[in-house]
Every structure is written in C-alpha cells, then in structure tokens.
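Worksheet: the structure to be examined is printed underneath.
The values are calculated or read from the model by the stated rules, or taken from the named source; none is laboratory data. Everything numeric here is computed off the predicted structure, so don't read it as measured data. Positions of Cβ are backbone-derived with ideal geometry, glycine not excepted, and every protein chain shown enters the neighbour counts.
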Amino acid sequence: MTPAATKAAPSEDRRAAGPAVTKPVSPWDIKKLRRDFPALHQKIHGKPLIYLDNAATTQKPRPVIDAVTRFYELDNANVHRAIYELGERATQAYEAARQKVAAFINVPDWHSIVFTRGATEAINLVAYAWGRYSLGPGDEILVTEMEHHSNLIPWQLAARDTGATLRYVPLKENGTLQIEALDDVLTARTKLVAVVHKSNVLGTVNPVREIVQRARELGALVLLDGAQSVPHFQVNVQELDCDFLAFSGHKMLGPTGVGVLYGRPELLESMEPFQGGGEMISMVSMEQATWNDIPWKFEAGTPNIAQAVGLGAAIDYLEKLGMDRIEDYMHQLTDYARGVLSQLQGLTLYGQDSNSSSAIAFNLEGVHPHDLSQLLDQEGIAVRAGHHCAQPLTHRLGVSATTRASLYVYNTPDEIDRLAEGIERVRTFLGV
Ligand code: C6P
C-alpha cells in the first residue's frame with residue numbers, strides 16, 4: 001500500500017503546476033527567537049545549518065541551557081535526602097518542575113507525574129509495573145500500525161511474557177487510522193489500548209478522545225504516546241481522560257535524559273514498583289520493604305534533577321510562545337512545505353491527511369533516503385533517513401525507508417525553500 005503517496009509534477013512545471021504556495025509568517029519575531037538558540041548559528045560543511053530533524057530532538061534555547069547551568073552552579077545537591085540549605089533548594093527546584101509539568105498538561109494532582117528518562121522509559125514502566133501483573137492469556141493489548149517502536153516493543157515483550165495477545169488498528173490509504181476497524185479489534189478482551197497521539201513519521205494526529213471513550217465502554221485502559229503531540233499542541237489530560245501519557249523533554253526544547261509518565265493516581269497507587277533502590281522505599285528490613293508514596297515509588301535512585309529543572313524552563317519558554325500559536329504555525333509551515341515539495345520532480349510525499357503537521361516523509365525516485373540525507377547534509381541541511389523507529393508503518397508505506405523533514409518553532413519558510421533547492425541539486429547531481 002502507498003498511503004496518500006503523491007507524485008510531484010515535472011520540474012519544468014515547478015511552482016506553476018502545484019497549489020498556490022503562500023509563505024507563512026510566524027506569530028513571533030522569528031529572528032529574535034532564533035537568537036535564543038545558539039546551536040542554530042553555525043555552519044555545517046561551510047553552509048548555514050538548517051535543522052529539520054526536530055522529531056528526533058529539538059535544539060535548546062538559552063533559558064533552558066542557563067537553567068541547567070545555574071542549577072549546577074548554585075543549587076546542586078541530591079534531592080529528598082538532605083536537610084541542609086542546598087539540598088532543600090535542589091528538592092524545591094525538582095519538585096517545582098514536576099508541578100510545572102502537571103499544570104502544562106492540565107493534571108490536577110502533581111503526584112501523578114513521574115519523572116523518567118524519556119517517553120521510552122515511561123512506556124516500559126507501565127509495561128512492567130502494570131503489564132506484567134495485570135495481563136494474562138486471553139487478554140489483548142491493542143496498538144496501531146503507526147506506533148514508534150517505543151510503544152510497540154514493550155507490548156510485544158509484555159505479551160510474550162504474560163501470554164496476552166497483541167492486536168493492531170490498521171491504517172487507511174491516506175496513512176490515518178481505520179477507526180471503523182475498532183469494532184473488530186477493540187473488544188471485551190482488550191485490557192489496554194496503547195496508541196500514538198501524533199505520528200513521528202507522517203505527523204498524523206489520531207482521534208484519541210474517541211479511542212479513549214470507546215475503550216472506557218469496554219473497561220480497557222488507554223496509554224497515549226505523547227512524544228510528538230505534547231511538544232506541538234496543548235495536550236489536556238483531563239479533557240482526553242486517558243489513563244497514562246508518556247512524553248520526552250528533549251523533543252520540546254528541554255534537556256535529554258528527562259521524560260514524563262502521567263498516570264491516573266489510583267492506578268499508580270495500585271501498581272508494583274518498576275525499579276528498586278533508594279528513594280522508592282518507605283521502610284526496609286532484611287526481609288522486606290514497603291514502598292514510598294507516588295510518584296517517588298517509581299523514581300528509584302538519584303533522579304535526573306538538573307534535567308527536570310531544564311524541562312521546567314522549556315515549559316516556561318513554550319508557554320510564552322503559546323501552544324495554540326505553536327500548533328497554528330506548525331500547520332502553516334507544514335502546508336507551505338508540502339506545497340513546495342509536492343512540486344519537485346520525482347518526489348513522493350507520504351501521508352497527506354489535512355490534520356497532520358510538522359513531520360513530512362518523502363522519497364526521491366532513484367535515490368536511497370540515506371544518500372539523499374547525506375547529500376543534503378553537504379548543503380548544511382539536517383534531515384533524518386530510515387525507518388524512523390516505526391518499521392511496521394514504513395512497511396505499510398510499501399518502502400524500506402523514507403527521508404523525513406520535521407519542523408519546530410524556529411524553522412522558517414526560507415529554510416523550506418533551501419530544502420527544496422537542496423533536493424533539486426541532489427537530483428541534478430545524481431542525474432535522476
Ligand atoms: N522518536 C524520532 O526521530 P525517546 O527516545 O524515549 O525520547 O522517545 C521515543 C519516542 C516515542 N514515541 C514517539 C512517537 C517518538 O517519536 C519517539 C522518538 C524519534 O522520530 C527518535 S527515534
């Protein structure tokens with residue numbers, strides 16, 4: 001199948017043949033904003049860097065870098081252990097970041113926010129601490145064909161270890177979910193629906209509110225993989241009514257090494273610990289132990305303190321920009337990119353759902369995505385090539401790999417033009 005694969009017009013017709021392409025104007029002063037991101041102001045192979053791999057990780061603004069540096073320079077101590085001033089300051093900074101995260105995704109009780117290493121660890125936490133104790137033969141876990149491996153392998157392993165069965169919501173031709181297939185695959189046997197909120201390959205936003213409602217009717221829990229949604233639009237946990245939400249700080253301007261698991265408090269309370277060690281206990285004897293309260297029950301060992309503080313600063317930065325404005329600009333820039341790219345000769349774009357944004361997967365006829373990415377790198381353009389850790393999806397697209405440009409708040413229409421020119425140059429260079 002080739003969902004929504006659109007072949008572009010010949011290059012002679014470029015711009016003339018395609019849809020009208022109007023350059024969007026960012027809702028903020030983009031020159032000023034870009035000055036906040038030191039990494040953007042460098043040359044790669046002698047050309048100004050055009051960073052279009054934001055779904056993999058975003059660049060970091062000065063306030064985030066400063067918050068991490070300031071923490072190490074002034075407040076560094078271990079948390080929840082020290083009664084001295086520095087330890088109290090570190091604990092306060094770490095817990096303030098947790099409260100900021102809770103407010104950002106509209107969670108009323110900050111105890112339901114667990115800091116993890118990233119989205120991957122957050123999902124594994126649920127797969128181990130809930131899945132291993134709650135699933136058994138005859139039970140079903142429902143995922144979709146567009147899952148990132150981080151929301152697939154933990155469930156494959158959980159199914160293998162518990163005897164549960166993994167089922168899939170299939171995709172339509174246009175790369176969106178066959179939501180009507182829920183009638184077949186979501187049943188009374190389904191114990192958990194684990195679904196990506198926004199695809200990292202196609203940018204598709206799934207109708208998770210409907211999925212949660214349908215799952216509720218059958219008594220199934222819902223875990224949302226928010227790794228690509230939380231950075232791009234307002235994700236409101238109370239409105240979505242999901243049971244778990246996982247995301248990573250580094251895809252939303254924050255540091256690497258910190259992520260979040262939101263869990264419904266009563267579920268987190270009832271779950272077994274994920275890892276054992278310091279911090280997660282209440283009382284320990286030679287024979288046994290009792291567990292700390294949530295969320296600390298799930299934060300064994302010294303946590304990622306400075307990274308959590310950095311994530312708090314990233315949230316401040318995003319909130320200043322405004323999540324609605326970010327969502328709007330990402331849609332406009334994606335439309336612009338699709339318009340420009342769709343006019344390039346030999347270029348196939350995947351996933352054309354109008355609701356999708358920020359991630360654009362494509363292939364240039366006769367050129368392997370790895371070669372295209374490497375040649376674009378020579379132009380200073382950073383895009384990702386491969387299966388993007390979503391091999392079942394790539395397989396459904398009928399290809400072994402794609403090139404992906406993924407956008408964020410500092411990208412400009414001019415950078416999209418540079419990408420299009422770069423692709424043209426690769427085509428001419430290779431004579432395809
Ligand atoms: N996707 C990409 O280039 P971590 O690695 O734990 O921060 O995030 C994992 C993850 C989970 N779900 C989705 C939808 C994701 O996109 C990712 C990370 C990156 O697409 C790196 S593979």
Taking the stretch 45-56 as the region of interest, how many residues are part of a loop (DSSP other than H, G, I, E, B) and either more than 16 Å from the ligand (Cβ to nearest atom) or not assigned by TED's automatic domain parsing to the domain that holds ARG35 (or both)? 3
Considering the stretch 301-320 alone, what residues qualify as being surrounded by fewer than 18 Cβ atoms within 10 Å (Cβ to Cβ) and either touching a strand residue (DSSP E or B) at 6+ places or on another chain (Cβ under 8 Å) or not acidic (Asp, Glu) (or both)? GLY301, THR302, LYS320
Residues (of a type in the set (Ser, Thr, Tyr) and crowded, with 21+ Cβ neighbours inside 10 Å) located in the stretch 100-139: SER112, THR116, THR120
Out of LEU142, LEU177, I need the residue that is surrounded by 20 or more Cβ atoms within 10 Å (Cβ to Cβ), without any contact (Cβ under 8 Å) to a residue 40 or more places away in the chain and touching a strand residue (DSSP E or B) at 6+ places or on another chain (Cβ under 6 Å). Which one? LEU177
The helices (runs of 4 or more DSSP H) lying entirely within the stretch 60-138 that contain at least 1 residues which are in the same structural domain as THR165 (by TED's automatic domain parsing), farther than 22 Å from ASP316 by Cα and more than 26 Å from the chain's Cα centre (by Cα) are 85-104
Would you call GLN156 touching a Pro at 6+ places or on another chain (Cβ under 8 Å) and either free of Cβ contacts under 8 Å to residues at least 12 places away in the same chain or surrounded by 23 or more Cβ atoms within 10 Å (Cβ to Cβ) (or both)? no
Any idea which of (1) buried (at least 21 other Cβ atoms within 10 Å of the Cβ); (2) of a type in the set (S, T, N, Q); (3) assigned to a helix (DSSP H, G or I) is the one GLN343 doesn't satisfy? (3)
Of the listed residues (VAL284, VAL258, VAL230), the one being surrounded by 23 or more Cβ atoms within 10 Å (Cβ to Cβ) and over 20 Å from PRO108 (Cα atoms) is VAL258
Does the stretch 28-44 hold any residues that are over 23 Å from the mean Cα position of the chain (by Cα) and assigned to a loop (DSSP other than H, G, I, E, B), and which are they? TRP28, ASP29, HIS41, GLN42
When you check GLN92 against the structure, is it within 16 Å of the ligand (Cβ to nearest atom) and polar (S, T, N, Q), yes or no? no
Kindly provide the set of residues from the stretch 195-212 that are assigned to a loop (DSSP other than H, G, I, E, B), in contact with an Asp or Glu (Cβ under 8 Å, 6 or more places away or on another chain) and closer than 19 Å to VAL260 by Cβ, ordered by number. HIS197
Quick one: what pairs do we get from the stretch 381-394, first residue farther than 16 Å from LEU52 by Cα, second more than 9 Å from the ligand (Cβ to nearest atom) and of a type in the set (S, T, N, Q), C-beta under 6 Å, 6+ apart or different chains? HIS387/THR394
Working carefully through the options ALA337, ALA361, find the one that is at pLDDT 95 or above, buried (at least 18 other Cβ atoms within 10 Å of the Cβ) and within 16 Å of the ligand (Cβ to nearest atom). ALA361
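One line per residue, one yes/no per condition, for (1) outside any strand (DSSP E or B); (2) away from the ligand (no atom under 16 Å from the Cβ); (3) over 27 Å from ASN363 (Cα atoms):
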position	(1), (2), (3)
PRO154	yes, no, yes
ARG160	yes, yes, yes
GLU173	yes, yes, no
ASP184	yes, yes, yes
THR187	yes, yes, yes
VAL193	no, no, yes
ARG214	yes, yes, yes
SER354 passes all but one of (1) more than 16 Å from the ligand (Cβ to nearest atom); (2) farther than 30 Å from ARG167 by Cα; which number fails? (2)
